[in-house]
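Peer 1: Below: one structure in structure tokens.
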There are 4 protein chains.
Amino acid sequence: MMRVAIQGATGYTAYELIRILLRHPEVEITAVTSRSDRRRLDAVHPALAGRIDLELEDLTATEIAERADLCFCCLPHVASMESVPALLTAGLEVVDLSADYRLTDPGVYERWYGHVHTDPTRLGTTVYGLPELFADQIPGQKLIANPGCYTSTSILALAPLICGGYIEPAGIIIDAKSGVSGAGRSAKQNILYAECNESISAYAVGSHRHTPEIEQVLTTASGKDVDVLFTPHLTPMDRGILATIYATPTKPVTQEVLLGAMREFYDGKPFVRVVEGLPRTKDVAHTNYCDVTVRVVEDRVIVLATLDNLIKGAAGVAVQNMNLMRGIDETTALIV
Amino acid sequence: MMRVAIQGATGYTAYELIRILLRHPEVEITAVTSRSDRRRLDAVHPALAGRIDLELEDLTATEIAERADLCFCCLPHVASMESVPALLTAGLEVVDLSADYRLTDPGVYERWYGHVHTDPTRLGTTVYGLPELFADQIPGQKLIANPGCYTSTSILALAPLICGGYIEPAGIIIDAKSGVSGAGRSAKQNILYAECNESISAYAVGSHRHTPEIEQVLTTASGKDVDVLFTPHLTPMDRGILATIYATPTKPVTQEVLLGAMREFYDGKPFVRVVEGLPRTKDVAHTNYCDVTVRVVEDRVIVLATLDNLIKGAAGVAVQNMNLMRGIDETTALIV
Amino acid sequence: MMRVAIQGATGYTAYELIRILLRHPEVEITAVTSRSDRRRLDAVHPALAGRIDLELEDLTATEIAERADLCFCCLPHVASMESVPALLTAGLEVVDLSADYRLTDPGVYERWYGHVHTDPTRLGTTVYGLPELFADQIPGQKLIANPGCYTSTSILALAPLICGGYIEPAGIIIDAKSGVSGAGRSAKQNILYAECNESISAYAVGSHRHTPEIEQVLTTASGKDVDVLFTPHLTPMDRGILATIYATPTKPVTQEVLLGAMREFYDGKPFVRVVEGLPRTKDVAHTNYCDVTVRVVEDRVIVLATLDNLIKGAAGVAVQNMNLMRGIDETTALIV
Amino acid sequence: MMRVAIQGATGYTAYELIRILLRHPEVEITAVTSRSDRRRLDAVHPALAGRIDLELEDLTATEIAERADLCFCCLPHVASMESVPALLTAGLEVVDLSADYRLTDPGVYERWYGHVHTDPTRLGTTVYGLPELFADQIPGQKLIANPGCYTSTSILALAPLICGGYIEPAGIIIDAKSGVSGAGRSAKQNILYAECNESISAYAVGSHRHTPEIEQVLTTASGKDVDVLFTPHLTPMDRGILATIYATPTKPVTQEVLLGAMREFYDGKPFVRVVEGLPRTKDVAHTNYCDVTVRVVEDRVIVLATLDNLIKGAAGVAVQNMNLMRGIDETTALIV
């Protein structure tokens, strides 16, 4: 039985993580932390009533390590890189759900996040936890950088076609639509119900921080210099991301060839489904699946991908990473 | 041309008020205030782009009076009773949209709002601005207490049947469902999109402040000692209130008799529609209408009423009150 | 390994049933039927892509019995009573999710459903599958009548207090709010997105068919003559029911006593959670839990209960019944 | 006073049209038709209760002409071209809200709509009713082809930049998101609440019929050969369209220059607002405004535009066209 802690357990991702871990046969949740909240966990997440008997605590890395073998770090960026080194030093394995260990270049981090990275030596050596691409690097790692939600959607959509040489690596347009839970659980006026409901809008046009992450990982995976224009949209729904991606084929190609390339790429990967219909976010909600498909329209390739931003985009892939780190079957607790 | 100011212009009610006043042929909006916000009005309410050229200012009552003849006070309770006396002293007519001048008994105010009323002499003398009941008292007033949204829904549903002696004044159960805009525009976790969407729940069970207001006004209107149990619910929609009300008939009665009594009561009242079907909040959204109907089921009377909490429940009735205060046709700017 | 068939597999309840059964360790789904649809199951329910490899077939009872041990009948009422006798005769165990075997009196059935019951001898002898009340009668049964969604919510809320003698069995008012999936998946104008969204309304006032079912079961369970006024509302959300119930205490009582009675009544029942806060439908969505609580306001008792109409209100309790029929642990496949 | 009829008055667009016309000071609605529905208009559209006293009738063109001067034809495509010639012959002025008179080439119509056009001589001579581009051609016309909703959004976003030579006319990608009311009011499973809510998906990828309409009108307006890739998405909201459009600048350009070009292009056009922030559909809902803005990101131009598909995308622009046909002020009844 692995003992697991969750650092920063008040948000939506932490909630989903707890729910998945509660059904994991080889895991026991032993600690949940918050800097300022001292309530019972089921007061913060009423859906957990009767399911877990823990209170939020403010624990040091050493205290966490006394109770747990592995820690999911659900802190916001910056806070995460202040905490992770101590967790590792205390002997914990860590899955970090923030952005702090995803980028490999401290300069790129500083430019996009506006903070000097205080743990730069771990950048470039930390494995990026997207199992569909990097599963062989994950077993045995002590620290995994869990991917961003938009990033996973975009990469899973594009990797087969870029790696296979079917589409140009540059000039890719990613038009992504996300449910509101992706913006977190902190009280902010722009994510109030009466602001978001009955409304769709773009945000962070040309400046969303998942842009360099998408480019970096696809470049690493394909060996080509990938360049994307990424535009996120706030969509009136709780959860789900749909990425509609426009690319240029390297040479004339049919939809069937591209679907075939996708199927081959994801053969044996349990959580990516290459579908023939146009994917709906509803069909992956509350699951660890990513649905992808592709269309050829005149001289363009359109790739469509959906996933649940809180599950396959965050908590689900985090458990998938934990499973792989520990040599547990990758799908454990993740297919319901 | 009447010059009108709005005190506290950053919320949803103020926005709706501005939108209505912009189409009012006899009104010019000359000032909009905020204690702390100095933005242009269309930065705060982007839907007003190109429609109004004002900036939020922090103005004293005297400064407001230099620019306006009438002021809509959209401050929260307590703040309102600190502001209204000065507005009146400065010579302004005032429609107060807070709860501060609705109750007649300072002791009741203190018990439900937890504050000593600092302007008690105006309680009991301020006219309650529900035109369907008190239209004859409104013309010429200098201060009108604009009714609460749940209150108007409940009173408009019940007044014909209580005043007509058709139902018992005690033991009335009001089960009300409101859209989320009723909770205001301040950033609070419980009204985030991802908390409210896909969820309905009761709140303030047995303790909502509209309870004494409903009882007081119905008691005043009917001369009977009205007693209600009021339960509000937060419903996943922007706007709209549905009240489902359960009462006991004083003697056996048919639905047709009750519908007839309602029609007679509201004859000549332009904004209450006695409908035969079951009212939907959608059909009154963005209007100043209140739709009401009634059913007799075995030995119970069920009254159903809908209105838009921001319009007929707040900004619309405020303009209706202004029209009546000034001798302008009651419906001006209110039927679109 | 139990072989299971689903008759009428195109709707929302059947989808949830399949999803639960796919994670059930002792079940194999061997047949899914439809009268007219011949598509693959994952064409009808795209969320099942990659999870099940079956096509819809039009099978006779005998053909189903050749492939399955137990059949979940998800046909509409009337169609169900035309099918169930043949399924039983063919040797199948049956969980019937329609209303056809829930009422015990053929006359009551005819009055509320407008059809003569064609299998009246089974009424009165079929066990009503609400495990929290009738778990001891379910093991070994060949036919179980799966309860209605509003019915389960109402009964689970009221049973402890009526059976315990805390509230009057008559004069109970049930004001229930349901998500739109409760209205099924057939194309009807009144459940179109643009009709339901941003709207709440009552329907079937005084005439909803769950009324006699609630009364019958509570009367059976308590030995008292229970009489309820039931008013359902269509709420703009996919799933979830909230029942707000108003009752009269038999004698003065405190909230603590009533909560204590509820806790005792549901002690050892894994799927009813007696909570202290006001339940939200969101917290039981996609689960087999029913959350209940109670408040005492002046001389009234208010009971609040939530469940997911498709899970605890339909597919989840159906599997719970199957588990109990077969001596499998009641919670198998139901806690995720 | 102009007498106006609405042919095909049961859908959402007809409802909005009626609501706008009811506040038009120079219009009287004298007839509303339906092939099969004989109900009162407020039974079909409950929001119209108390506002209009008409019943749906099945009228010939001649009968309509006896009662009206102008007819809004709200029939579906094909049905419209079967009706419009008779309406014109009977002496009516017609605003046709279908697609039947929008395209200029009968061959293109046949290819995209799958029907031979039965009134081909009017194609190419009918004025396309987008007042921001063709206002000078509309006065005095007897037949106006009212534009499609996606089309208006896309054209209003792109026209200033294509006509001004700022962006390449080819290779434009339009990623559009629409509320569900755009799919009409006929009962279809794919637009049920429980299918659309909590879900976003693309549809008609590469095959939506607004594609040739966008290309034709922009080509006409600019004199350049415009080519677009248009991808529509079904978004969980009642109303609103957001188009996020990706184009290539003809030469390096700043956002300020492009915003300036837009402002100049729409100077004096009352219903297009060039905004600086990122437009939200909520801010144009229930209005006749189209909000547009532009961003330059690296070597791409991103144009964003929003409008209400039922108002500026259908009923509002139809009234705008009527006003212009008749020499009435363009904004009459359209700013509320």
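Readers should treat all values here as calculations from the given coordinates under stated rules, not as data from a laboratory. Values in this document were obtained by computation on a predicted structure and should not be read as measured data. Every residue, glycine as well, gets a Cβ built from its backbone with ideal geometry; the counts of neighbours run over all protein chains shown.
Peer 1: What are the lysines whose alpha-carbon lies under 22 Å from the alpha-carbon of B:Lys142, with same-chain residues fewer than 8 places away excluded?
Peer 2: Leaving aside lysines fewer than 8 places away in the same chain, those within reach of B:Lys142 are B:Lys312.
Peer 1: How big is the gap, in Å, between the Cα center of the range C:104-127 and the Cα center of the range D:175-229?
Peer 2: The range C:104-127 and the range D:175-229 have Cα centres spaced 50 Å from each other.
Peer 1: Another one. Going by how many other beta carbons lie within 10 Å of each one, how would you line up D:Phe134, D:Phe230, B:Phe271, fewest first?
Peer 2: The order, fewest Cβ neighbours first, is D:Phe134, B:Phe271, D:Phe230.
Peer 1: Related question: In degrees, nearest 10, range 0 to 90: what is the angle between the Cα axis of helix D:12-22 and the longest Cα principal axis of chain D?
Peer 2: Tilt relative to chain D: about 70 degrees.
Peer 1: Additional query: Mind pulling the angle between the C-alpha long axis of helix C:255-265 and the longest principal axis of chain C? Nearest 10 degrees, somewhere in 0 to 90.
Peer 2: Helix C:255-265 sits roughly 30 degrees off the main axis of chain C.
Peer 1: So what is the relative contact order of the range D:36-93, in percent, for Cα pairs below 8 Å that sit 6 or more residues apart?
Peer 2: About 30 percent, as a whole number.
Peer 1: In terms of the Cα gyration tensor, with a ≥ b ≥ c the square roots of its eigenvalues, is chain D rounded because a/c is under 1.5, prolate because a/b exceeds b/c, or oblate?
Peer 2: Prolate, because a/c is 1.5 or more and a/b exceeds b/c.
Peer 1: Right, here's the next one. Extending each Cα 7 Å along its Cβ direction at A:Tyr203 and C:Val253, get the distance between those two points in nm, one decimal.
Peer 2: 4.7
Peer 1: Another question about this same structure. Taking the label point 7 Å from Cα in the Cβ direction, how far apart in nm is D:Glu110 from each other copy of itself, listed shortest first?
Peer 2: 6.2, 6.7, 8.7
Peer 1: Next up: For D:Arg185, B:Arg40, which order do you get if you count the other beta carbons within 10 Å of each Cβ and list the fewest first?
Peer 2: B:Arg40, D:Arg185
Peer 1: At q = 0.09, 0.12, 0.16 Å⁻¹, what is the log10 ratio I(q)/I(0) for the range D:150-309, with the Debye formula run over Cα points and no solvent?
Peer 2: For the range D:150-309, the Cα-only Debye profile gives -0.28, -0.50, -0.87.
Peer 1: Please count, across the range B:150-308, the pairs of lysine residues with Cα atoms under 29 Å apart that sit 8 or more places apart or on different chains.
Peer 2: So the count of such lysine pairs works out to 10.
Peer 1: Report the calculated FRET efficiency for B:Gln189 and D:Asp58 (r = Cβ-Cβ distance, R0 = 51 Å), to the nearest 0.05.
Peer 2: The calculated FRET efficiency here is 0.40.
Peer 1: Taking each residue in C:283-292, count the Cβ atoms of any other chain within 10 Å of its Cβ, then average. What number comes out?
Peer 2: Mean shielding by partner chains, rounded to a whole number: 3.
Peer 1: If you don't mind, there's one more thing I want to ask. Please give, to one decimal in nm, the separation of the simple spin-label points placed at A:Lys224 and C:Ile335, each 7 Å out from Cα toward the Cβ.
Peer 2: That separation, rounded to one decimal, is 5.0 nm.
Peer 1: Placing +1 at every Lys and Arg Cβ and -1 at every Asp and Glu Cβ, with all other atoms neutral, what dipole size does chain B have around its Cα centre, in debye to the nearest 20?
Peer 2: 420
Peer 1: So how tilted is helix C:79-89 from the main axis of chain C? Cα-based, degrees 0 to 90, rounded to 10.
Peer 2: It works out to around 70 degrees.
Peer 1: Over the range C:150-308, what is the percentage of antiparallel beta bridges among all DSSP beta bridges, to the nearest 5?
Peer 2: About 70 percent, rounded to the nearest 5.
Peer 1: So, one more: Counting other Cβ atoms within 10 Å, keep those with at most 14, restrict to DSSP loop, and tell me which GluC sites (Glu not before Pro) in the range A:218-302 are left.
Peer 2: Qualifying residues, ordered by number: A:Glu276, A:Glu298.
Peer 1: If you restrict to DSSP beta bridges whose two residues both lie in the protein assembly as shown, what percentage is antiparallel, to the nearest 5?
Peer 2: Approximately 45 percent, going by the DSSP bridge assignments.
Peer 1: Another question, if that's okay. Calculate the translational D of the range A:1-121 in whole µm² s⁻¹ from Stokes-Einstein, where the hydrodynamic radius comes from the Kirkwood formula applied to all Cα pairs, the temperature is 20 °C and the viscosity 1.002 mPa s.
Peer 2: 144
Peer 1: About its Cα centre, how strong a charge dipole does the range A:150-308 have in debye, to the nearest 20, once Lys and Arg get +1 and Asp and Glu get -1 at the Cβ?
Peer 2: Taking the Cα centre of the range A:150-308 as origin, the dipole is about 300 debye.
Peer 1: Moving to a separate point now. Between copies, how far apart are the C:Asp329 label points? List them in nm, one decimal, shortest first, with each point 7 Å from Cα toward Cβ, please?
Peer 2: Nearest to farthest, the other copies are at 1.7, 7.4, 7.5 nm.
Peer 1: How many Cβ atoms of partner chains, on average, are near each residue of B:176-187 if near means within 10 Å of its Cβ?
Peer 2: Mean partner-chain Cβ count within 10 Å for B:176-187: 4.
Peer 1: Measure off 7 Å from each Cα along the Cα-to-Cβ vector at B:Lys142 and B:Arg35, then give the distance between these two points in nanometres to one decimal.
Peer 2: For the pair B:Lys142/B:Arg35, the computed spacing is 2.6 nm.
Peer 1: At a threshold of 8 angstrom on Cα-Cα distance, excluding pairs fewer than six apart, so keeping six or more, what relative contact order does chain D reach in percent?
Peer 2: Contact order relative to length: 18 percent.
Peer 1: Which order do C:Ile64, B:Ile138 fall in if you start with the one that has the fewest other Cβ atoms within 10 Å?
Peer 2: Placing the least packed residue first, the sequence is B:Ile138, C:Ile64.
Peer 1: When only Cα pairs under 8 Å and 6 or more residues apart are kept, what is the percent relative contact order across the range B:109-173?
Peer 2: Worked out over the range B:109-173, it gives 20 percent.
Peer 1: Also, quick follow-up: Identify which of A:His210, A:His77, A:His115 has the largest mean-square fluctuation in a Gaussian network model of chain A, with springs joining Cα atoms closer than 10 Å.
Peer 2: Residue with maximal mean-square fluctuation among A:His210, A:His77, A:His115: A:His115.
Peer 1: Which residue of chain D is nearest the rotation axis onto chain B, counting by its Cβ, and what is the distance in whole Å?
Peer 2: Chain D residue with minimal Cβ-axis distance: D:Val336, 2.
Peer 1: Which distances, shortest first and in nm, link D:Thr121 to the matching position in the other copies, using label points set 7 Å out along Cα to C-beta?
Peer 2: Result, one decimal in nm: 7.7, 8.4, 8.8.
Peer 1: Using the charge dipole of chain C (Lys, Arg: +1 at Cβ; Asp, Glu: -1 at Cβ; taken about the Cα centre), state which of C:His286, C:Val78, C:Gly114 has its Cα farthest towards the positive end.
Peer 2: Highest projection toward the positive end goes to C:His286.
Peer 1: Considering the protein assembly as shown, what Rg and Dmax in Å follow from its alpha-carbon atoms?
Peer 2: Rg, Dmax (Cα atoms, Å): 31.4, 89.
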